[in-house]
Amino acid sequence: PYDGDTLAEQLEQVGIVSGTQPTTAIVDLGYRGREIEGVQVLHRGKPKMLTRRQWAWVKRRQAVEPVIGHLKDDCRLRRCHLKGAEGDALHVIACAAGYNIRWLLRWIVFLCAWIRECLLPSAARSSGARVAMAC
């Protein structure tokens, strides 16, 4: 089904899982024009009608969307080959862990390169001498 048509069901599921009914739903533009009684639906479609705090919530949601897209494309989150609800949950956790490990490895490589530049004597850099350092 179209995303905009599933808002009521999703809010019902959130109520079942958390035990409390949500009062605010922060959604993308696919949910424009959808109204649920007792729930304030926020999206970036009308920014002048939002308070600063609400706009910050919408911006935060927009920052998370690319991460979900990368998980779907890079971590094979589109298709789960594990069985049942427990398999779905394990698959998502494993994909998120892999994404975080790749992020940490990038920072470690950057840190090693920065340390190498700091420790390498300036005379060795200017003379063109090669120094092998393992990080």
Worksheet, complete the sentence: Of the residues in the stretch 14-39, those that are open to solvent by 100 Å² or more (accessible area, probe 1.4 Å), within 21 Å of VAL64 (Cβ to Cβ) and outside any loop (DSSP other than H, G, I, E, B) come to VAL17
Worksheet entry | Which listed residue is on the phi < 0 side of the Ramachandran plot, open to solvent by less than 90 Å² (accessible area, probe 1.4 Å) and assigned to a loop (DSSP other than H, G, I, E, B), from LEU11, LEU71, LEU7, LEU77 | LEU77
Worksheet item: Would you say ARG106 is assigned to a helix (DSSP H, G or I), charged (D, E, K, R) and either in the same structural domain as ARG44 (by the TED database) or closer than 28 Å to ARG44 by Cα (or both)?
Response: no
Discussion item. Cβ contacts < 7 Å: first residue open to solvent by 100 Å² or more (accessible area, probe 1.4 Å), restricted to the stretch 98-115; second residue among the hydroxyl-bearing types (Ser, Thr, Tyr), any location; separation 6+ or different chain. Result?
Written reply: none
Worksheet item: Which one of the conditions (1) surrounded by fewer than 11 Cβ atoms within 10 Å (Cβ to Cβ); (2) in a loop (DSSP other than H, G, I, E, B) does LYS48 fail to meet, given that it meets all the rest?
Response: (2)
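The values are calculated or read from the model by the stated rules, or taken from the named source; none is laboratory data. Bear in mind the structure is a predicted one, so any value in this text is a computation, not a measurement. Here Cβ is always computed from backbone atoms with ideal geometry, including for glycine, and neighbour counts include all displayed protein chains. The area values use the complete protein model at the heavy-atom level, side chains included, leaving out ligands, DNA and RNA. Shrake-Rupley method; radii C 1.70, N 1.55, O 1.52, S 1.80 Å.
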